[in-house]
Amino acid sequence: MTPVHGQLIYQGKAKRIFQTAKDDHVLVEFKNDATAFNAVKHEEFDGKGRINCEISAYLFEILEAEGVPTHYLFQADDCWMTAQRVDIIPLEVVVRNIAAGSICKQTPIKYGKSLSLPLLDFYFKDDALGDPLLTDARISELGIINTKQRLDIETLALRVNSLLKTFFNKLDLILVDFKLEFGTNKNGQLLVADEISPDTCRIWDQRVADQKDRILDKDRFREDLGGVLNGYVQILKRIQGVSSKPRTCS
Ligand code: TMP
């Protein structure tokens with residue numbers, strides 16, 4: 001069911017954000033659309049929105065329980081999440097534990113290599129520019145965030161990595177890498193925002209040896225491996241096996 005909502009604030013590739021009766025709350029709708037390579041590739045997967053919404057809600061609650069501030073308030077309906085309204089910082093913060101994806105295209109690091117330390121990269125969130133990789137100097141020049149905010153973001157992102165890596169490991173899942181977005185709420189507090197789902201993470205199944213079959217995330221779509229939703233469902237089922245349902249009101 002669609003919860004009562006106000007005007008559309010933002011239309012993303014996989015989500016829409018709506019106003020609510022409360023000025024500082026928004027409703028996030030998780031769509032069934034999947035895109036890759038800056039939307040060059042697009043397909044709809046019936047049920048993806050519901051699965052990603054629920055996985056995101058579970059993961060935000062895990063982070064919140066460990067003191068990581070997030071925009072998440074509660075799961076309002078199957079595909080809907082109520083969240084704090086934030087000003088999104090136009091950065092994609094990627095943390096990698098194992099080499100996959102763009103790092104293997106841009107460097108000689110081999111696919112599947114365990115990185116000596118979690119590797120954190122900032123990308124500029126701008127579809128027209130293709131979300132380019134940033135350097136520290138470019139971040140300073142752009143003036144998107146100051147040094148303190150950058151340190152705070154790095155600390156939070158690495159803490160999220162450590163918490164989620166441990167959590168997924170207990171489920172026989174490997175957190176290969178993931179992307180976070182951050183925003184500031186009306187009090188200026190820095191929060192993990194957006195979503196954390198198989199659309200924005202790479203997750204491999206430790207119970208499967210085959211390099212392709214073990215992929216449970218959006219790489220199944222990016223690489224035309226088939227069984228996209230099956231991978232997502234596998235992740236959801238394992239989380240459900242150890243967690244109580246996400247809350248549905250604040
Ligand atoms: P990458 O290897 O393509 O740079 O992706 C790193 C991680 O970030 C991977 O888990 C997928 C995620 N990601 C997004 O969530 N959105 C994006 O637009 C891109 C490019 C990657």
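Key figures for this structure:
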quantity: Per-region count, region 177-216, residues touching a residue at least 40 places away in the same chain (Cβ under 8 Å), within 13 Å of the ligand (Cβ to nearest atom) and part of a loop (DSSP other than H, G, I, E, B); calculated: 7
quantity: Candidate set from region 95-123 (those that are basic (Lys, Arg) and not in a strand (DSSP E or B)); member that is farthest from residue 194 (Cα to Cα); calculated: 110
quantity: Qualifying residue in region 163-175 (condition: within 13 Å of the ligand (Cβ to nearest atom), part of a strand (DSSP E or B) and within 19 Å of residue 232 (Cα to Cα)); calculated: yes
quantity: Scan of region 112-128 for residues that are within 12 Å of the ligand (Cβ to nearest atom) and either acidic (Asp, Glu) or loosely packed, with under 12 Cβ neighbours inside 10 Å (or both), ordered by number; calculated: 121, 126, 127
quantity: Set 96, 85: member being surrounded by 17 or more Cβ atoms within 10 Å (Cβ to Cβ) and over 26 Å from residue 204 (Cβ atoms); calculated: 85
quantity: Tally, over region 99-113, of residues that are within 20 Å of residue 166 (Cα to Cα) and touching a Phe, Trp or Tyr at 6+ places or on another chain (Cβ under 8 Å); calculated: 2
quantity: Hits in region 124-161 - residues which are free of Cβ contacts under 8 Å to residues at least 40 places away in the same chain and either under 21 Å from residue 198 (Cβ atoms) or of a type in the set (Lys, Arg) (or both); calculated: 138, 148, 150
quantity: Tally, over region 223-236, of residues that are assigned to a loop (DSSP other than H, G, I, E, B) and either surrounded by 14 or more Cβ atoms within 10 Å (Cβ to Cβ) or near the ligand (Cβ under 9 Å from one of its atoms) (or both); calculated: 1
quantity: Flag if residue 220 is surrounded by 12 or more Cβ atoms within 10 Å (Cβ to Cβ), assigned to a helix (DSSP H, G or I) and touching a Gly at 6+ places or on another chain (Cβ under 8 Å); calculated: yes
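For (1) over 14 Å from residue 196 (Cα atoms); (2) free of Cβ contacts under 8 Å to residues at least 12 places away in the same chain, each residue gets a yes or a no:
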| residue | (1), (2) |
| --- | --- |
| 18 | yes, no |
| 28 | no, no |
| 37 | yes, no |
| 48 | no, no |
| 67 | yes, yes |
| 81 | no, no |
| 84 | yes, no |
| 93 | no, no |
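All of the numbers you see were taken from the coordinates with simple rules; none came from a lab. Worth saying up front: this structure is predicted, and the values here are computed from it rather than measured. We place every Cβ from the backbone using ideal geometry, glycine too, and count neighbours over all the protein chains shown.
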